[in-house]
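Have a look at the structure below, then the notes.
What follows is calculated from the coordinates using simple rules that are stated; it is not laboratory data. As the structure is a prediction and not an experimental result, all values here were calculated from the model. Heads up, the Cβs are rebuilt from the backbone with ideal geometry, glycines too, and the neighbour counts pull from every protein chain shown.
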Amino acid sequence: MSLAPRTSAHQPHNANDHVPVLPRELAGVEGAEKTNVRLTPKAIEMAKKALQKRNTPGAALRLGVRGGGCSGVSYAIEFSDKIRDRDHVFDFDGLRVVVDPKSLLYLRGSVLDYEVHLMQHGFKFQNPNEKSSCGCGESFSV
């Protein structure tokens, strides 16, 4: 399931939409940006819209990685109605984001943004742990 909206209308660009923020519970914690996942305000906004469109605004956004893809590991972004005991749960301005412990090892320091380009739009990870990635940007190696 794609979490990207199907509209192609041009939206005005706001530079602050792409400045990464920490989850509420880690704001002000020294070094937290290197050990946790951050989202941009645009990613938070678009995830909330997708959850509302799905009619489950109380669900969470699950971020993770899976083995596979042409570079070895693929990103996973999906809705989650259930939170597992070992999941890390983060609050981004009312958006619950969950990450399993194994995935957090690969995603530490990453930023999830939402980008809009002429021919495509959607969520994109900026991951400092990537050593290489495939041409399509769907998978990476560490």
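Work out the FRET efficiency for Thr56 and Glu30 from their Cβ-Cβ distance, taking R0 = 35 Å, and round it to the nearest 0.05. All intermediate terms of the calculation are to be shown ahead of the outcome.
Numbers: r = 35 Å, r/R0 = 1.00.
Given R0 = 35 Å and the Cβ-Cβ separation, E is 0.50.
If you add up the charges near Val98, with Lys and Arg at +1 and Asp and Glu at -1, over every other residue whose beta carbon is less than 12 angstrom from its beta carbon, what do you get?
In short, -1.
Whole percent per 5 Å bin, from 0 to the bin with the longest distance: what is P(r) over all C-alpha pairs of the range 17-128?
2, 11, 22, 26, 21, 12, 4, 1, 0
So if I average 1/r over every pair of distinct C-alpha atoms in the range 63-129 and take the inverse, what Kirkwood radius in Å does that give?
About 13.2 Å, per the Kirkwood formula over Cα pairs.
Pull up all non-local amide H partners of Gly109: gap of 5 or more, or a different chain, and H-to-H distance under 5 Å with H placed in the peptide plane.
Thr35, Asn36, Val37
In terms of modelled amide H atoms, which long-range or inter-chain residues lie less than 5 Å from the amide H of Ala76?
Gly64, Val65, Arg66
Scan around Arg96 for amide H atoms under 5 Å from its own, H built in the peptide plane at 1.01 Å from N, and keep only partners 5 or more places away or cross-chain.
Long-range HN contacts for Arg96: Leu61.
Net charge near Phe123, counting Lys/Arg +1 and Asp/Glu -1 over other residues with Cβ under 9 Å of its Cβ?
-1
Residue-wise, which Karplus ³J(HN,Hα) couplings in Hz belong to the range 93-100, taking 6.51 cos²θ - 1.76 cosθ + 1.60, θ = phi - 60°, and x for glycine or proline?
6, x, 8, 7, 10, 10, 9, 6
Could you derive backbone 3J(HN,Hα) for the range 115-125 from the dihedral phi with the Karplus parameters 6.51, -1.76 and 1.60 (θ = phi - 60°), listing whole Hz in sequence and x where the residue is Gly or Pro?
Running phi through 6.51 cos²θ - 1.76 cosθ + 1.60 with θ = phi - 60° gives 10, 10, 10, 4, 9, 7, 8, x, 6, 9, 8 Hz.
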